[in-house]
Amino acid sequence: MERQGERISKIIDFLKTVGKTEAIFLSLSVIFLLLSLAIFVSSSSLLSKKDDIVVAKSSDNEKIFIDVGGAVERPGVYQMTEGSRVKDALISANGISASADRDFVARTINGARTLIDGEKIFIPEFIASSQASTVASGRSVLGTTNNIVNINTSSNSQLDNLPGVGEKTIEKIIAGRPYQNILELREKKIVGKAVFEKIKDLISIY
């Protein structure tokens, strides 16, 4: 009987030990779940803030519409990014055409001006005097010609008219398009200094 009593006592002690272990395990499980929930909530909050930042950033790149007309290669309405410049709109229209009044463009068009949504850019055509004027020497002086070459859109034959520009240079010019300014011919090592000095007054980017 005493032995049975000892056995029962040991079993009761063992069960008490098991109960304490389960309680500790349960407590640890609850703590782990609470920590996991806290981390999840924190991560969700950060993702939400990140999404807000992305949306705010995308709103900075709003689109505007510009009407480009007159003596340009492709007249039409163009969708531009807010903050774009006049020169960007002219480049989108493939530049000014051969018939454009380049003196007017040089005097009047500010390529660095920021575009305004809904505005129109109009490039007038060049009107040459067809009547020759006689000078004292008896020679005839024809009206001003307009032979500026657009390095962004001109054909091989048009580029070939430039002094010092051969077939290989023409291929380099076409491969290097588009250009934001004529100085890129030097920056991209397409032409040397001597050739650039010869053609710089005969070329444009629009």
Note: among N161, N152, just one is in the same structural domain as V195 (by TED's automatic domain parsing), loosely packed, with under 13 Cβ neighbours inside 10 Å, assigned to a loop (DSSP other than H, G, I, E, B) and at pLDDT below 90, namely N161
List the residue pairs whose Cβ atoms are under 6 Å apart, where the first residue sits in the range 95-113 and is on the phi > 0 side of the Ramachandran plot, the second is of a type in the set (D, E, K, R), and the two are 6 or more positions apart or on different chains. G95/E73
Only one of (1) closer than 21 Å to N110 by Cα; (2) surrounded by 13 or more Cβ atoms within 10 Å (Cβ to Cβ) is not met by N181, so which one is it? (2)
Filter the range 97-112 for residues that are over 18 Å from E73 (Cα atoms) and either among the small types (G, A, S) or in a helix (DSSP H, G or I) (or both) and give the result. R107, T108, A112
From the list D117, D88, which residue is of a type outside the set (S, T, Y), surrounded by 10 or more Cβ atoms within 10 Å (Cβ to Cβ), at pLDDT 90 or above and part of a loop (DSSP other than H, G, I, E, B)? D117
Filtered residue count, the range 164-206, keeping only those that are over 23 Å from V86 (Cβ atoms), of a type outside the set (F, W, Y) and part of a helix (DSSP H, G or I): 16
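The values are calculated or read from the model by the stated rules, or taken from the named source; none is laboratory data. Here the structure is a predicted model, which means the values were calculated and not measured. Reconstructed Cβ throughout: ideal geometry from the backbone, glycine too, with neighbour counts over all protein chains shown.
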